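These notes are about the structure you will find just below.
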Amino acid sequence: MEKRSQPQTSPFDEAALYDALAGGRKRLEREGPLLRRLLAAAPRPTAVDTACGTGLHALFLAEAGAEVDAFDLSEGMVAFAAQRRPHPRVRYCAGDMCAPLGGPYGLAICLGNSLSLLPDGDALRAAFRAVAEALAPGGRYLTQVLNYAAPAAREPRHRIERRAIDGGQVTTVKNLVPEGERTFLNIAHLVATEARTAMHSDTALLWNWDLAALKGAGEAAGLSLDETLGGVDESPYAAERSSDLITVFRRPA
């Protein structure tokens, strides 16, 4: 994401803020059953997290028994993950989800709406090709983006969250403004500690990927779409009301 300078920097760096607001244990309680099911169905106990952030899912998969490669474009995120969530079965590396990934993997994941940060359709197709080439025969690829087809996603949205973090509190203001096939995202964090109060902000222009775009990219890479879900609770996908668009692709055996 593009970074804009502020008069006073946050006492927490980007990775620490991201991690504090990512959901932690509660998030894994919601997403864990789906991840465990797909890992159990994988043809081999190897996994790759192609946008690992601060390592929350990579560590979860390793603790579930997988050998995990975890990549992120941000070197700061990777360094934070390696320090905070080390595991003998996790290898953290700075890397692009559109580049060759290694493997073969039984399971690949791309969560947190990360595919929407790609710059264009060519990059989306490159990301799918990279995963397809890295999957073992029968391997699965789990993706999650926001459901941009829902009426609510076509209107401007504004949300405020407050969470306690080490030694203080973060107030986060998130604005999403749709414009055609893109959504402008602005996130501002007000970090208050006993020592000082400071601000940190991020902006990004997201692609509003829909099911047709994801399916097309997957099929172009030689993958078949096995499942389409509307949330990590594995509810069926409904374009008009689901909050998320979750897909599970499979490389043919």
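With a ≥ b ≥ c the root eigenvalues of the C-alpha gyration tensor of the stretch 83-140, is it rounded (a/c under 1.5), prolate (a/b larger than b/c) or oblate?
Oblate shape, in that a/c is at least 1.5 and b/c is the bigger or equal ratio.
Out of all Cα-Cα pairs in the stretch 11-93, roughly what percent, to the nearest whole number, are more than 17 Å apart?
Every Cα pair in the stretch 11-93 considered, those over 17 Å come to 44 percent.
Please give the length that would be gained between S224 and A253 if that part of the chain were fully extended, namely 0.36 nm times their separation in residues minus their C-alpha to C-alpha distance (nm, one decimal).
Once the chain is fully extended between S224 and A253, it gains 9.3 nm.
Report the net charge of residues surrounding K174, where surrounding means a beta-carbon distance below 11 angstrom and charges are Lys +1, Arg +1, Asp -1, Glu -1.
Counting the neighbours of K174, the net charge comes to 0.
List the relative contact order of the stretch 1-129 as a percent without decimals, with contacts defined as Cα pairs under 8 Å and 6+ residues apart.
24 percent
Around A136, what is the net charge, scoring Lys/Arg as +1 and Asp/Glu as -1 over all other residues with Cβ under 14 Å from its Cβ?
+1
Within the stretch 133-212, report the trypsin sites (Lys or Arg not before Pro) that DSSP leaves as loop and that have at most 15 other Cβ atoms within 10 Å.
Here the sparse-neighbourhood loop sites are R196.
With n ≥ 4 as the cut-off for DSSP H runs, can you work out [θ] at 222 nm for the chain, using -39500 (n - 2.57) per run divided by the number of residues, rounded to the nearest 500?
-8000 deg cm²/dmol
Could you put S201, S116 in order, starting from the residue whose Cβ has the fewest other Cβ atoms within 10 Å?
Fewest-to-most Cβ neighbours within 10 Å comes out as S201, S116.
With a cut-off of 8 Å between alpha carbons and a minimum separation of six or more residues, what is the relative contact order of the stretch 12-70 in percent?
Relative contact order, the stretch 12-70: 34 percent.
Equivalent ellipsoid semi-axes for the stretch 125-253, as square roots of 5 times the alpha carbon gyration tensor eigenvalues: give them largest first, rounded to whole Å.
With the √(5λ) rule applied to the stretch 125-253, the semi-axes are 34, 18, 14 Å.
Over the chain, what is the relative contact order in whole percent, taking alpha-carbon pairs under 8 Å and six or more residues apart?
Worked out over the chain, it gives 19 percent.
Treating only the Cβ of Lys, Arg, Asp and Glu as charged (+1, +1, -1, -1), what charge dipole size does the chain show about its Cα centre? Round to the nearest 20 debye.
420 debye
With angles folded into 0 to 90 degrees, how steeply does helix 24-41 sit against the dominant principal axis of the chain? Use alpha carbons for both and round to 10.
10 degrees
Once you wrap a convex hull around the alpha carbon atoms of the chain, what is its projected area averaged over all directions, in nm²?
12.8 nm²
Please figure out what share of the DSSP beta bridges in the chain is antiparallel and state it in percent, rounded to the nearest 5.
The answer is about 75 percent antiparallel.
Between R159 and D233, what FRET efficiency follows from the Cβ-Cβ distance if R0 is 22 Å, with the result rounded to 0.05?
0.60
Relative to the longest principal Cα axis of the chain, at what angle does helix 211-220 sit, 0 to 90 degrees, rounded to 10?
Here the helix axis deviates by roughly 50 degrees.
None of the figures in this text is laboratory data; all of them are computed from the coordinates on show. None of the values given here were measured: they were computed from a predicted structure. FYI the Cβ positions are ideal-geometry reconstructions off the backbone, even for glycines, and counts take in every protein chain you see.
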